[in-house]
1. With the requirement that a residue be within 27 Å of residue 103 (Cα to Cα), open to solvent by 30 Å² or more (accessible area, probe 1.4 Å) and more than 9 Å from ligand 1 (Cβ to nearest atom), what does region 235-265 give you?
2. Please indicate, with yes or no, whether at least one residue in region 70-80 is open to solvent by less than 20 Å² (accessible area, probe 1.4 Å) and in a helix (DSSP H, G or I).
3. Of all residues in region 164-193, which are farther than 27 Å from residue 143 by Cα and within 13 Å of ligand 3 (Cβ to nearest atom)?
4. Need at least 3 residues that are away from ligand 4 (no atom under 14 Å from the Cβ) and surrounded by 15 or more Cβ atoms within 10 Å (Cβ to Cβ) per element, so show me which helices (runs of 4 or more DSSP H) inside region 107-209 make the cut, counting only ones lying wholly within it.
5. Which condition does residue 241 not pass, out of (1) in contact (Cβ under 8 Å) with a residue 40 or more places away in the chain; (2) within 16 Å of ligand 2 (Cβ to nearest atom), if it passes all the others?
6. Does residue 93 qualify as being within 19 Å of the chain's Cα centre (by Cα), within 13 Å of ligand 1 (Cβ to nearest atom) and surrounded by 18 or more Cβ atoms within 10 Å (Cβ to Cβ)?
7. Has region 217-234 got at least one residue that is within 16 Å of ligand 4 (Cβ to nearest atom), at pLDDT 95 or above, open to solvent by less than 30 Å² (accessible area, probe 1.4 Å) and in contact with a Leu (Cβ under 7 Å, 6 or more places away or on another chain)?
8. Can you report the number of residues in region 224-238 which are within 16 Å of ligand 2 (Cβ to nearest atom) and farther than 17 Å from residue 177 by Cα?
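The values are calculated or read from the model by the stated rules, or taken from the named source; none is laboratory data. Predicted model only: the values in this text are computed from it and were never measured. Cβ placement follows ideal geometry from the backbone for every residue including glycine, while neighbour counts extend to all protein chains displayed. We work out accessible area using only protein heavy atoms, side chains counted, and drop any ligands, DNA or RNA first. Shrake-Rupley method; radii C 1.70, N 1.55, O 1.52, S 1.80 Å.
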Amino acid sequence: LAKLHGKGSYRLFDRQMHVAMLNRLTLENDLQRALKQQEFVTYYQPIVNLLTRKIIGFEALVRWRSPGRGMVLPGEFIPSMETTGLIVPIGLVILKQACRQLHTWHQGGWTDLTMSVNLSARQFASSTLLADIDAILAETGVDPTSLKLEITETVIMDNAEIAIALTKALRSRQIQISIDDFGTGYSSLGYLHRFPVDSLKIDRSFIDQTQSENINYHVVETIVALSKQLGLSVIAEGIEIPQQLEWLQQLGCDFGQGYLFSKPLPASESSRFVASSLGYPRRSGNVGHRNLLQQ
Ligand code: C2E
Ligand code: MG
Ligand code: MG
Ligand code: MG
């Protein structure tokens, strides 16, 4: 019986592996096709000055508008694109879309807006990255000083040599660099001195007060103090409720983004958001972007 059972469970395991592998191959195949069919769209989430409540810029966030799967979030396909390397060409598509959009806004008179774009490990290690960025900036006419690239500390630490050379090269072009998901990677902060970065983005998990309130509060307090000491600006992500906004402001956190201000929006809606809001909140309470747009 034990033998039979063992054999059966082995078969079940085998089958599950097979299904998982098929799913993976199907996803990879779909992603290849999606790139050709131009199914990747860029959404934009406003980044707000917490003191003046004015929008200072946007973060570009990729979405996959799949005919079969519906709207797919990056968490479901970025890991696969990392392993296959597809993230490199798709990342360039996103960067170009984001720069085009930024240029449109600049031409429309919102000349101070910045655009933040995420760079993953694979993109970071791409030997053509700098040339690709140069080409996109030249083609879209975007001023490099208004472009910010977001890189996680894990990516920086895992590729220290490349990271030093690359951050210097980006700096010499006056492109800004943010460390994304700050606080989630390494406990050593020594590396900060070795890389010329402009800002730290505090990970959403620390802004969430439902989890171990006190610890999070002190982590955020420490990161804000650290950024001041290093002369960096600091951005909090995942601000969802007014209380979070209040304590971040009290701590002296410069900038923030989150559902309290707006979810990531398609290009047309983000244009309307800038046009109609520039200044939050007009009244207290948890008003989403709809309220702001309807004013
Ligand atoms: P990230 O760069 O840390 O981006 C912030 C994520 O937090 C976004 O998720 C955003 O929608 C979400 N977020 C912002 N405010 C709130 C909030 O108040 N509450 C909640 N619950 N979530 C909030 P998203 O768009 O699903 O992206 C997830 C991650 O995928 C990003 O994390 C980034 O690492 C990666 N990613 C997204 N777009 C790109 C891209 O174009 N290229 C690369 N390489 N990675 C990307
Ligand atoms: Mg980011
Ligand atoms: Mg982040
Ligand atoms: Mg994050």
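1. If the condition is that a residue be within 27 Å of residue 103 (Cα to Cα), open to solvent by 30 Å² or more (accessible area, probe 1.4 Å) and more than 9 Å from ligand 1 (Cβ to nearest atom), then 254, 255 are the ones that fit.
2. Yes, that holds for at least one residue.
3. Of everything in region 164-193, those that are farther than 27 Å from residue 143 by Cα and within 13 Å of ligand 3 (Cβ to nearest atom) turn out to be 183, 184, 185.
4. 121-124, 129-140, 160-172
5. (2)
6. Taking the combined requirement at face value, the residue does not satisfy it.
7. yes
8. Matching residues across region 224-238 total 1.
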